[in-house]
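One structure is given below, encoded as structure tokens.
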Amino acid sequence: EAGVTQSPTHLIKTRGQQATLRCSPISGHTSVYWYQQALGLGLQFLLWYDEGEERNRGNFPPRFSGRQFPNYSSELNVNALELEDSALYLCASSPGSTGPSGANVLTFGAGSRLTVL
Amino acid sequence: AQSVTQLGSHVSVSEGALVLLRCNYSSSVPPYLFWYVQYPNQGLQLLLKYTSAATLVKGINGFEAEFKKSETSFHLTKPSAHMSDAAEYFCAVGSYSSASKIIFGSGTRLSIRP
């Protein structure tokens, strides 16, 4: 069974440009989470999609946006890139439970490393 | 609001010694608590999960964690460290709500000395 796959592995952009990162969840998983892992800051919650809808959003500016497609894959868009957006962006998926979402076990991809010059 | 605090960004122990990684949480409702491990150039993988069934939770690779409500702690331990345990460890919290996000701590890098 394929795990969570993310593309591209590495991406280099310049300030002001836009970046698009993609994520394919594990087959059968309906929830997709995005996290930013900047150096020394741990994982910062960005976005959570379930069944095509945005369910929760972290404390990030609106230039961070995303969507989830009917096949449950997802993309994260970062507009007007700033130097501090340089980070590893991790995508995770979960089955999407009928119980409390706080109990969801996340399966992570290896990440997309975004470098902004 | 939920949060987790991991005490110590870097912990170094000798091979065969006790591993203790500290995590304190804050949650206004009963929490779900997790420990994840991240090896170099890989995504995170689940070590163990607390869901109120038992306060002492056993995970993979010989790790375990104990939920202590009075101390709002969920520390991770392993009796005897192995070189392969060198990695970054993250504590995380989720809550019993309909749209709970899962919040991660800042991580603790574990180094093992030969």
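Each reported figure results from applying straightforward, stated rules to the coordinates on display, with no laboratory input. Predicted model only: the values in this text are computed from it and were never measured. Heads up, the Cβs are rebuilt from the backbone with ideal geometry, glycines too, and the neighbour counts pull from every protein chain shown.
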*Could you give log10 I(q)/I(0) at q = 0.15, 0.22, 0.28, 0.29 Å⁻¹ for segment B:1-55, computed by the Debye formula over C-alpha point scatterers of equal weight, without solvent?*
-0.59, -1.12, -1.28, -1.28
_Taking θ = phi - 60°, what integer Hz values does the Karplus form 6.51 cos²θ - 1.76 cosθ + 1.60 yield along segment A:48-53, in sequence order, with x for Gly and Pro?_
9, 10, 9, 6, x, 10
*Sum up the charges of everything whose Cβ sits under 12 Å from the Cβ of B:A92, counting Lys and Arg as +1 and Asp and Glu as -1, but leave B:A92 out.*
+2
*asked:* Counting each pair of different Cα atoms once, what's the Kirkwood radius of the protein assembly as shown in Å, rounded to one decimal?
replied: 18.1
*Mind checking the log10 I(q)/I(0) for segment B:29-112 at q = 0.11, 0.14, 0.15, 0.23 Å⁻¹? Debye, one equal scatterer per Cα, no solvent, two decimals.*
-0.29, -0.48, -0.54, -1.19
*In whole Å, largest first, what are the principal axis extents of the Cα atoms in segment B:47-91?*
33, 17, 17
*Mind checking the alpha-carbon convex hull of chain A and giving the volume per residue in Å³?*
98
*Convert each backbone phi in segment A:37-46 into a coupling constant with the Karplus relation 6.51 cos²θ - 1.76 cosθ + 1.60 (shift: θ = phi - 60°), then list the ³J(HN,Hα) values in order as whole Hz, x for Gly and Pro.*
10, 8, 4, x, 10, x, 9, 9, 5, 9
